[in-house]
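K.L.:
Quick one: this structure, given as structure tokens, is what I'll be asking you about.
The values are calculated or read from the model by the stated rules, or taken from the named source; none is laboratory data. The structure displayed is predicted, hence computed values, not measured ones. Cβ placement follows ideal geometry from the backbone for every residue including glycine, while neighbour counts extend to all protein chains displayed. Quick note on the areas: whole protein, heavy atoms, side chains included, nothing else; ligands and nucleic acids left out. Shrake-Rupley method; radii C 1.70, N 1.55, O 1.52, S 1.80 Å.
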Amino acid sequence: VPFRGADISYIPELEDLNVAFLDGTLTRDPLEILRSRGINLVRLRVWNNPAAGYCSVPRTLALAARARALGMHLLVNFHYSDSWADPGQQNPPAAWSGLSITQLEDALADFTGSTIAALVAQGTPPAIVQIGNEVTAGMLWPLGANASNWTNFARLFRAGRNATKSACPSARVMLHIDRGGDNSASRWFYDNAL
């Protein structure tokens with residue numbers, strides 16, 4: 001399926017702030033607006049224990065159900081953090097603080113597998129699962145910082161991939177970096193990741 005996607009993770013927060021989504025002069029459901037413009041895949045960001053509750057697993061399940069009801073496919077984006085994970089910060093969730101690499105692998109696999117299983121159980125299986133967000137410098141620092149330990153990074157990525165495939169064998173697994181158009185940095189990352 002050729003996908004045309006949009007990240008809709010902020011929609012529940014904006015709706016709670018009573019933001020109106022307009023299609024011309026008509027107020028409409030933002031997902032319906034996106035669908036009417038050809039969007040057929042939505043990206044849903046998942047944080048472990050976000051302070052305000054947005055991007056939590058329950059919120060993700062609710063948003064997934066809304067999108068699927070409109071016939072949209074899902075890309076689930078695990079940050080493995082309580083907030084943003086990006087090239088400048090890959091902070092483990094507070095609940096995972098101080099874990100060994102083996103314990104971190106298990107926690108990541110459990111969180112990934114249970115979240116994907118819940119999506120499948122409610123009839124909203126993901127088409128794509130993104131293991132980590134912008135992991136150019138690794139994930140779950142300091143143990144998963146790839147520049148200093150590619151083996152640990154690979155262990156964590158593999159744990160997420162295996163948990164995904166166990167819960168939803170048809171899901172594609174995505175490895176996501178922030179270097180679009182930067183050939184040398186992309187080659188460095190993927191050559192090492194392989």
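K.L.:
Among the residues of region 163-176, write down those that are of a type in the set (A, V, I, L, M), closer than 15 Å to Y80 by Cα and either in contact with a strand residue (DSSP E or B) (Cβ under 6 Å, 6 or more places away or on another chain) or part of a loop (DSSP other than H, G, I, E, B) (or both). Write out each step before concluding.
P.N.:
The initial filter retains those residues of region 163-176 that are of a type in the set (A, V, I, L, M), namely 163, 167, 171, 173-175.
Now restrict to residues that are closer than 15 Å to Y80 by Cα: 163, 174-175.
Matches in region 163-176: M174, L175.
K.L.:
Now for a different question. From the residues in region 115-132 that are touching a residue at least 40 places away in the same chain (Cβ under 8 Å) and open to solvent by 10 Å² or more (accessible area, probe 1.4 Å), which one is nearest to A163 (Cα to Cα)?
P.N.:
Start the filter on region 115-132 by keeping residues that are touching a residue at least 40 places away in the same chain (Cβ under 8 Å), which leaves 115-120, 122-132.
Those still in the list that are open to solvent by 10 Å² or more (accessible area, probe 1.4 Å) too: 117-118, 120, 122-123, 125, 127-128.
Working: A117: 9, A118: 13, V120: 13, Q122: 18, G123: 18, P125: 14, A127: 15, I128: 13 Å.
Per the stated criteria, the residue is A117.
K.L.:
How many residues does region 56-70 contain that are out of contact with any helix residue (DSSP H, G or I) (no Cβ under 7 Å at 6 or more places or on another chain) and either open to solvent by less than 10 Å² (accessible area, probe 1.4 Å) or small (G, A, S) (or both)? Walk me through how you get there before you give the answer.
P.N.:
Just the residues of region 56-70 that are out of contact with any helix residue (DSSP H, G or I) (no Cβ under 7 Å at 6 or more places or on another chain), to begin with: 56, 58, 60, 62, 65, 68-69.
Applying the additional criterion that residues be either open to solvent by less than 10 Å² (accessible area, probe 1.4 Å) or small (G, A, S) (or both) yields 56, 60, 62, 65, 69.
Residues that pass the stated criteria total 5.
K.L.:
Take region 137-153 and flag every residue that is aliphatic (A, V, I, L, M), surrounded by 20 or more Cβ atoms within 10 Å (Cβ to Cβ), assigned to a loop (DSSP other than H, G, I, E, B) and on the phi < 0 side of the Ramachandran plot. Lay out the reasoning, then the answer.
P.N.:
Looking only at region 137-153, we keep the residues that are aliphatic (A, V, I, L, M), and these are 137, 139-140, 143, 145, 147.
In the following step, the residues that additionally are surrounded by 20 or more Cβ atoms within 10 Å (Cβ to Cβ) were identified as 137, 139-140, 143.
Filter again for assigned to a loop (DSSP other than H, G, I, E, B), leaving 139-140, 143.
M139, L143 - these are the residues of region 137-153 that are aliphatic (A, V, I, L, M), surrounded by 20 or more Cβ atoms within 10 Å (Cβ to Cβ), assigned to a loop (DSSP other than H, G, I, E, B) and on the phi < 0 side of the Ramachandran plot.
K.L.:
In this structure, is L75 in contact (Cβ under 8 Å) with a residue 12 or more places away in the chain and not in a strand (DSSP E or B)? Before the answer, list the steps.
P.N.:
On the way: in contact (Cβ under 8 Å) with a residue 12 or more places away in the chain: yes; not in a strand (DSSP E or B): no.
Judged against the criteria, L75 is not a match.
K.L.:
Looking only at region 96-114, which residues are assigned to a helix (DSSP H, G or I), over 26 Å from A65 (Cα atoms) and open to solvent by 50 Å² or more (accessible area, probe 1.4 Å)? I'd like the intermediate steps shown before the answer.
P.N.:
Restricting attention to region 96-114, the residues satisfying the condition of being assigned to a helix (DSSP H, G or I) are 96, 101-114.
Now narrow it down to the ones that are over 26 Å from A65 (Cα atoms): 96, 101-106.
Residues satisfying the conditions are T102, Q103, D106.
K.L.:
Okay, moving on. For region 1-31, which positions are open to solvent by 80 Å² or more (accessible area, probe 1.4 Å), part of a loop (DSSP other than H, G, I, E, B) and β-branched (V, I, T)?
P.N.:
Within region 1-31, V1, T25 meet the criteria.
K.L.:
So, one more: What is the residue count in region 177-193 for residues that are surrounded by 14 or more Cβ atoms within 10 Å (Cβ to Cβ) and free of Cβ contacts under 8 Å to residues at least 40 places away in the same chain?
P.N.:
2
K.L.:
Is there a residue being free of Cβ contacts under 8 Å to residues at least 40 places away in the same chain, under 14 Å from the mean Cα position of the chain (by Cα) and open to solvent by less than 10 Å² (accessible area, probe 1.4 Å) anywhere in region 32-48?
P.N.:
yes
K.L.:
In region 78-95, which residues are open to solvent by 30 Å² or more (accessible area, probe 1.4 Å) and free of Cβ contacts under 8 Å to residues at least 60 places away in the same chain? First the steps, then the outcome.
P.N.:
Taking region 78-95 and keeping what is open to solvent by 30 Å² or more (accessible area, probe 1.4 Å), we get 82-84, 86-89, 91-92, 94-95.
Scanning region 78-95 gives D82, S83, W84, G88, Q89, N91, P92, A94, A95.
K.L.:
Could you tell me whether A118 is under 22 Å from L44 (Cβ atoms) and assigned to a helix (DSSP H, G or I)? Before you say what the answer is, go through the steps one by one.
P.N.:
Working: under 22 Å from L44 (Cβ atoms): yes; assigned to a helix (DSSP H, G or I): yes.
Spelling it out, A118 is indeed under 22 Å from L44 (Cβ atoms) and assigned to a helix (DSSP H, G or I).
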